[in-house]
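Asks: Submitted below is the structure of interest, expressed as structure tokens.
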Amino acid sequence: MSAKLYIFGTCSGTEPYPGRHHCSFAVEHEEKLYWFDAGESCSHTAYVMGVDPRKIHSIFISHPHMDHVGGLANLMWTIRKLDGRYGGMEGRTVNLFMPNEQTWPAVRQVLSQTEGDFRTRFSICDKRIRDGVLLDEGGVKVEAMHNLHLPQLDDGSWRSFSFRITVGGRVIVFSGDVKNYSEIEPLIRGAHVLLAETGHHRPAKVCGELNEMGHMPEKLLFIHHGRAILDEGQPAIDEAKTQYKAEIVVLNDGDVLSV
């Protein structure tokens, strides 16, 4: 059975942009959601398009910039609200994979100001992201690899990651924000689908780097759109297609794909 890919936000960290919100998507497999990044309004977009956040098994945050975590508090609040109204979460655990130790306590402090100190009938298990396998259960494997979008800290830790998701025999890679795509070449190798950020790159540059590495996933999905796509639109994609022979898709908020 193929997994489904739900797209909740496709914009980079721009000013508010009509019809687009900051980066967020989820992979669904066997009635469980594996949620990646939590840009503004992600829980609202998900719920109104028929995706129930109570199905979340794990949340993975690529890095702590606002366009990737700005909707995290509301996502947790929405899960709690839906559980209060419809049930289904008692005794469950939501895994929250974070790249640093500061973001979740800060978000939790904000949530503590809501009703009942944000007491929940489910647990939130906050885990640090490190290079390697983060999750491998229920037919889903998620691996992380640091990238150079944010510098390494003095203690040797990293705050920005890319992810490789293996589900149903398919390999999906989410670039997160990267300085260069060559940084995550081991993740891209053998991937069927690549969700590639263009907030810091022209689409044609992404395609050029993939060609130089000799990797061409059968589906190249552009997400986290920057000015080239937002302002230029089709000409920027046509330029990219001259360097990439496989399928290129510009993702939009609300898209649903089988992968």
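A short reminder: the numbers here are calculations on the coordinates, not readings from a lab. All values derive from a computational prediction rather than experimental measurement. In this analysis, Cβ positions are derived from the backbone assuming ideal geometry, glycine residues included, and neighbour counts consider all displayed protein chains.
Asks: Karplus couplings for segment 39-50 from phi (6.51 cos²θ - 1.76 cosθ + 1.60, θ = phi - 60°), rounded to Hz, Gly and Pro as x?
Replies: Here the 3J(HN,Hα) series is x, 3, 6, 4, 5, 5, 4, 4, 5, 6, 9, x Hz.
Asks: About the Cα centre of segment 4-256, what is the dipole size in debye to 20, counting +1 per Lys and Arg Cβ and -1 per Asp and Glu Cβ, all else neutral? Spell out each step's value before the answer.
Replies: Numbers: 27 positive and 34 negative charges, 110 e Å.
Dipole size: approximately 540 debye.
Asks: Same structure, new question: Summarise the long-distance tail of P(r) for segment 52-113 by giving the % of C-alpha pairs beyond 15 Å. Before the final figure, lay out the partial values.
Replies: Numbers: 980 of 1891 pairs.
That tail contains 52 percent of the Cα-Cα pairs.
Asks: How are the alpha carbon pair distances in segment 189-259 distributed across 5 Å bins from zero to the largest one, expressed in percent?
Replies: Values per bin, smallest distances first: 4, 17, 31, 26, 16, 5, 0.
Asks: Starting at the first residue of segment 166-175, write each ³J(HN,Hα) from the Karplus equation 6.51 cos²θ - 1.76 cosθ + 1.60 with θ = phi - 60°, in whole Hz, x for Gly and Pro.
Replies: 10, 8, x, x, 10, 10, 10, 10, 10, 5
Asks: For segment 40-84, which chymotrypsin sites (Phe, Trp or Tyr not before Pro) pass both filters: DSSP loop (anything but H, G, I, E, B) and at most 10 other C-beta atoms within 10 Å? Present the calculation step by step, with values, prior to reporting the outcome.
Replies: Numbers: sites: Tyr47, Phe60, Trp77; in loops: none.
Hits after loop and neighbour filter: nothing returned.
Asks: Here is a follow-up. Apply the Kirkwood formula to segment 95-219: the hydrodynamic radius equals the inverse of the mean of 1/r over all pairs of different alpha-carbon atoms; give it in Å with one decimal. Before the final figure, lay out the partial values.
Replies: Numbers: mean 1/r = 0.0613 Å⁻¹.
The Cα-based Kirkwood calculation yields 16.3 Å.
Asks: Kindly provide the pair-distance distribution of segment 2-142 built from C-alpha pairs, with 5 Å bins from 0 and whole-percent values in order of increasing distance.
Replies: Per 5 Å bin, starting at zero, the Cα-Cα P(r) for segment 2-142 comes out as 2, 10, 20, 23, 23, 15, 6, 1, 0 percent.
Asks: Mind pulling the per residue volume of the convex hull built on the Cα atoms of the chain? Å³ is fine. Before the final figure, lay out each step's value.
Replies: Values: hull volume 31.8 nm³, N = 259.
Output value, Cα hull per residue: 123 Å³.
Asks: Kindly put Ser123, Ser62, Ser160 in sequence by how many other C-beta atoms sit within 10 Å of each C-beta, fewest to most. If you can, show how the numbers build up before the last one.
Replies: On the way: Ser123 11, Ser62 28, Ser160 24.
Least to most surrounded, the residues fall as Ser123, Ser160, Ser62.
Asks: Which lysines, on any chain, are close to Lys205 with Cα under 16 Å apart, when same-chain ones fewer than 8 places away are left out?
Replies: Lys179, Lys241, Lys245
Asks: Round to a whole angstrom and tell me the spacing of the C-alpha centers of segment 25-41 and segment 61-86.
Replies: Their Cα centres are 11 Å away from one another.
Asks: Determine, for Cys125, Cys11, Cys42, the number of other Cβ atoms within 10 Å of each Cβ, and report the residues in order from fewest to most. Let's see the in-between values first.
Replies: Numbers: Cys125 10, Cys11 25, Cys42 29.
The order, fewest Cβ neighbours first, is Cys125, Cys11, Cys42.
Asks: Taking amide H positions as placed 1.01 Å from N in the peptide plane, with prolines and chain starts having none, which residues 5 or more places from Arg130, or on another chain, fall under 5 Å of its amide H?
Replies: For Arg130, no residues qualify.
Asks: Are there trypsin sites (Lys or Arg not before Pro) in segment 116-156 that DSSP puts in a loop and that have at most 15 other Cβ atoms within 10 Å, and which ones? Could you put the intermediate results ahead of the total?
Replies: On the way: sites: Arg119, Arg121, Lys127, Arg128, Arg130, Lys141; in loops: Arg119, Arg121, Arg130.
Answer in residue order: Arg119, Arg121, Arg130.
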